[in-house]
1. Applying the selection to segment 141-154, what residues are part of a helix (DSSP H, G or I) and surrounded by 11 or more Cβ atoms within 10 Å (Cβ to Cβ)?
2. Please find, within segment 122-135, the residue that is surrounded by the most Cβ atoms within 10 Å (Cβ to Cβ) out of those that are within 19 Å of residue 46 (Cα to Cα) and in contact with a strand residue (DSSP E or B) (Cβ under 7 Å, 6 or more places away or on another chain).
3. Which residues, taken from segment 242-261, are part of a loop (DSSP other than H, G, I, E, B) and in contact with a helix residue (DSSP H, G or I) (Cβ under 9 Å, 6 or more places away or on another chain)?
4. Of everything in segment 154-185, what is within 22 Å of residue 93 (Cβ to Cβ) and modelled with pLDDT of 80 or more? Give them in sequence order.
5. Which of the residues belonging to segment 118-137 are over 19 Å from residue 188 (Cβ atoms) and in a strand (DSSP E or B)?
6. Would you mind finding the one in 138, 119 that is modelled with pLDDT of 90 or more and surrounded by 13 or more Cβ atoms within 10 Å (Cβ to Cβ)?
7. Just one of (1) under 21 Å from the mean Cα position of the chain (by Cα); (2) surrounded by 13 or more Cβ atoms within 10 Å (Cβ to Cβ); (3) at pLDDT below 85 trips up residue 203, so point out which.
8. Can you tell me how many residues in segment 181-228 are closer than 14 Å to residue 255 by Cα and touching a residue at least 24 places away in the same chain (Cβ under 8 Å)?
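The values are calculated or read from the model by the stated rules, or taken from the named source; none is laboratory data. Nothing here was measured: the structure is a model prediction, and the numbers come from that model. All Cβ positions, glycine included, derive from the backbone under ideal geometry; neighbour counts span all protein chains shown.
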């Protein structure tokens, strides 16, 4: 028999209560949030925006961020990277913002308040553009783990893009009801304008032209193709060629692009039909 059974029992109950209390917090947060001393800001503009218009917006955003005294400098990137590791277009702009040491900040200013102030200014200046705030290392880790730039994500997989957009909107509406969710957004799969050209096989055959020849000419004329390479020391550069802008900048001018036929003639749009191409149907 224990001499002090009561004290031993109380000590055991106390340790059990502490273990239950500690166990109740397991899983709430895997790792504490690491303060990196910087901000990584992503701006998502309309999908149909051009390179020139996107550059103008990116410059204005960079100047706005630099106007806050807490920001040491601002480095921006617009569009997708050259190595092709990200499929984003001209609608995407990202900003790396190193921050000054916190002891140099005005009294009462915190990083959370700075983000709120930036979001307020962004909302005033850039209507219709979504902004996401993260940190440099945190952003890369989140993208490596889930494939998206965000702490949490919901992925919807399917073949119909319109249905995917509808479901994403419904999911967003439900997640907005969850307390504590911030910076909620959708990675859209539609919205970028496209020109679909369907080759008329019967009419191309009359000129002895293969459908692949038509596609090759259109690709080179509109998007450009590498014609040769230039050597400069140990570096090599591809030289791309395409039609002048006046011959490819409108829907009406594209059907007039000539394709050389197998019989030596040129095939182009019929002059009596101003709405459809002889070689392509839009």
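1. Within segment 141-154, the subset part of a helix (DSSP H, G or I) is 141-146.
Correct list: 141, 142, 143, 146.
2. Once the filter is applied, the top-ranked residue is 133.
3. Those that are part of a loop (DSSP other than H, G, I, E, B) and in contact with a helix residue (DSSP H, G or I) (Cβ under 9 Å, 6 or more places away or on another chain): 242, 243, 248, 253, 257, 258, 261.
4. Correct list: 168, 172.
5. Result: 133, 134.
6. Going through 138, 119 in turn, the sole match is 119.
7. So the condition that residue 203 fails would be (1).
8. 13
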